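The values are calculated or read from the model by the stated rules, or taken from the named source; none is laboratory data. What you see is a predicted model, and the numbers here were worked out from it, not measured in a lab. Using ideal geometry, Cβ is built from the backbone for each residue, glycine included, and neighbour counts are taken over all protein chains shown.
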Amino acid sequence: MDEQRKAVEAEEGRSSRFGLRSEDVPAQFREMFICSGYRKPYGSAVDCMKSAFLPLNETVNVWTHFVPFLLFLARFATIFWKYSLSETYVYPLLSFAVGICGFLLMSSGAHLFNSMSPRVRHVCFFFDYSAISVYSVGAGQAFYFYSRSLKTDNILFSSSSVFLTISCLISVISTYTCCASRHRWPKLKYVIRTLCFVVAFSSIALHMYIVYSSTQHHNSKLNKNCSHVPTSDGILTSI
């Protein structure tokens with residue numbers, strides 16, 4: 001009996017240090033194929049912050065988003081200290097900076113606080129999906145204004161309004177579909193979300209293809225057909 005009790009206590013101690021098993025948490029807090037490492041559900045915000053320093057599933061997700069956020073924040077602070085924000089050619093880079101920093105910070109927060117309640121969990125990831133979509137729009141602005149071909153008949157790249165409208169439309173549809181997948185299509189939610197983000201970010205590959213094709217069409221080098229930042233070293237080379 002003593003040996004059995006010690007074995008049970010040892011198992012409980014192991015569970016408390018490395019999280020709960022999937023069968024020990026409500027279904028709303030489980031993730032597919034994740035069997036252990038869960039945090040105690042219905043905890044407070046303080047409990048969630050403390051869990052960031054424990055060997056649990058979400059610990060890696062929290063820090064792999066938060067540390068890059070700090071690095072990008074420091075890097076962009078250095079760049080924007082050098083280049084005035086009043087200059088219009090800095091706006092696309094500012095759009096990209098806000099998008100990527102916001103996305104990383106929001107994702108870190110979503111993974112940190114999603115165990116407070118089922119409702120908070122959904123809200124956290126709703127904001128996460130939205131931040132990813134905002135980042136895709138910001139990245140698109142940087143690609144458009146810093147690397148598009150100036151000699152093109154493609155309406156998508158000859159009109160900034162058309163490009164921005166399509167980017168925003170894709171982001172809105174992607175965000176709505178990802179959010180709806182948590183309730184309407186639970187069995188296909190991972191497939192749907194993956195497809196949404198693939199579509200949102202595939203515009204980068206399409207952009208590079210059109211730039212390359214346009215450059216070949218005009219028989220000119222890419223760096224002669226691109227709109228560069230009018231500075232001595234260039235903002236893009238500063239990143």
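Hey, could you check the range 1-34 for residues that are over 21 Å from VAL60 (Cβ atoms) and either of a type in the set (Val, Ile, Thr) or assigned to a loop (DSSP other than H, G, I, E, B) (or both) and say which is modelled with the lowest pLDDT?
VAL8
Scan the range 146-156 for residues that are assigned to a helix (DSSP H, G or I) and crowded, with 20+ Cβ neighbours inside 10 Å and report the count. Write out each step before concluding.
At the first step, the residues of the range 146-156 found to be assigned to a helix (DSSP H, G or I) are 146-147, 155-156.
Narrowing further to those that are crowded, with 20+ Cβ neighbours inside 10 Å: none.
Going through the range 146-156 one residue at a time, the tally reaches 0.
Across the range 35-71, the number of residues qualifying as outside any loop (DSSP other than H, G, I, E, B), without any contact (Cβ under 8 Å) to a residue 40 or more places away in the chain and small (Gly, Ala, Ser) comes to 0.
Checked across the range 108-125, the condition of being hydrophobic (A, V, I, L, M, F, W, C), touching a Lys or Arg at 6+ places or on another chain (Cβ under 8 Å) and surrounded by fewer than 21 Cβ atoms within 10 Å (Cβ to Cβ) holds for at least one residue. Please determine whether any residue of the range 158-165 is part of a loop (DSSP other than H, G, I, E, B), surrounded by fewer than 22 Cβ atoms within 10 Å (Cβ to Cβ) and either of a type in the set (Phe, Trp, Tyr) or modelled with pLDDT under 90 (or both). The answer is yes; a qualifying residue exists.
Yes/no matrix, rows are residues, columns are (1) more than 12 Å from the chain's Cα centre (by Cα); (2) farther than 27 Å from SER167 by Cα:
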| site | (1), (2) |
| --- | --- |
| ASN61 | no, yes |
| TYR89 | yes, no |
| LEU93 | yes, no |
| ILE100 | no, no |
| PRO118 | yes, yes |
